[in-house]
1. Run the numbers for V96 and A217: contour at 0.36 nm per residue of separation, minus the present Cα-Cα distance, in nm.
2. Which of these, D303, D248, D74, has the largest mean-square fluctuation under a Gaussian network model of the chain (Cα springs below 10 Å)?
3. Springs between alpha-carbon atoms under 10 Å, Gaussian network over the chain: tell me which of G100, G72, G141 tops the mean-square fluctuations.
4. How big is the antiparallel share of DSSP beta bridges in the chain, given as a percent to the nearest 5?
5. Just to be sure I understand the model, the point goes 7 Å from the Cα along the line to the Cβ. What's the resulting T256 to A155 distance in nm?
6. If I model a spin label as a point 7 Å beyond the Cα along the Cα-Cβ vector, how far apart are those points for T173 and V147 in nm?
7. Work out the length of the dipole vector of the chain about its Cα centre, built from +1 on the beta-carbon of each Lys and Arg and -1 on the beta-carbon of each Asp and Glu, and round it to the nearest 20 debye.
8. Expected output is a single nm value to one decimal: the length gained when fully extending between A286 and T123, i.e. 0.36 nm times separation in residues minus the C-alpha distance. What is it?
Amino acid sequence: MKKMLFTLVLVFTLTLLVTGTALADNGPHGGFTLTTDACASCHRTHTATGPKLLTGAGYLICTACHGQTGTGADTNVIDGVYTARDLTTESPVEGVPGRGLLAGGFGAALMDTNLDTTVGSVTTTSSHIYTGTTGTVWSYGPISATVNNGQASTALSCMNCHDPHGKTGTGKTATYRILRGQPTGVTLTASVEIPDQVAKTYSIASNTGNYFTQTYAAAQSTGLTNWCSQCHTRNLTVTGSGSTNSGDAVFMYRHTTNAAASVLAPNGLACTSCHVAHGSSAAMTALANSASLAGDSALLRVDNRGVCQSCHNK
């Protein structure tokens, strides 16, 4: 009876631990003390069911707080929306409830992808893998004269990109979105640490759902380009690459991804100027559909190739 009572108390206690709001580099994501209780949110010392003493598959632990029904975070990454689950612990508030997340969403995204100011939660048409299944790391690797799309059969989950313990920067400093200096799953030699925001913002600025008008601060904008290109190595290019043959059999001529600030990109042209990081609900039809991978919207912010027209205005 005593053993059963202890078990019930333990389960109840752990339930309370994961229902508090999780803030990056706070709560379970850093800020640990010598008597922290945060470890028990994700780990079991002797009865773990997953590697690294985790209570289960990594993405299931993440979505227990950051999913559709989770109560431990205001960032619902599956539906791609900022919620109002528990804003009382935020000072200042780090997003606007009901607006889309900066990175879109894995299952659906709250986006105005045809720029008609009609916002709707639509099933994603492309997303990064987050469940631990495998896919191709598109454009990974050095310039190659032989056809090479990238690294195939690579398992990817939330923790390939994010470090749930936080404080991943040199000297245990906080990084933007608890991003690792080096994503795991590929062989890397350098580390890219994006500084954390002074005032964190998780939802997009526009209440119209127009992601194309969304910009990042200069440090995050250029930082994200360098960070993304750790895996998508052959996509990192400078001005003039569209007219200069790289020598690669697949990525021969490439759009600039690392350019200085302009009117349309006040903090510099970056990967996130055209793409979202988690998932997009943009539609691909007609020519755009045939030019992409069976309807895959390539994480673009706007339907078809509207990101091209939005800048070039032809």
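The numbers here are math on the coordinates, done by the rules we state, and not lab data. As the structure is a prediction and not an experimental result, all values here were calculated from the model. Using ideal geometry, Cβ is built from the backbone for each residue, glycine included, and neighbour counts are taken over all protein chains shown.
1. 41.8 nm
2. Highest fluctuation of the listed residues: D248.
3. Maximum fluctuation in the GNM of the chain, among the listed residues, is at G141.
4. The antiparallel fraction comes to roughly 95 percent.
5. 4.1 nm
6. Label-label distance for T173 and V147, simple model: 4.5 nm.
7. 500 debye
8. 56.7 nm
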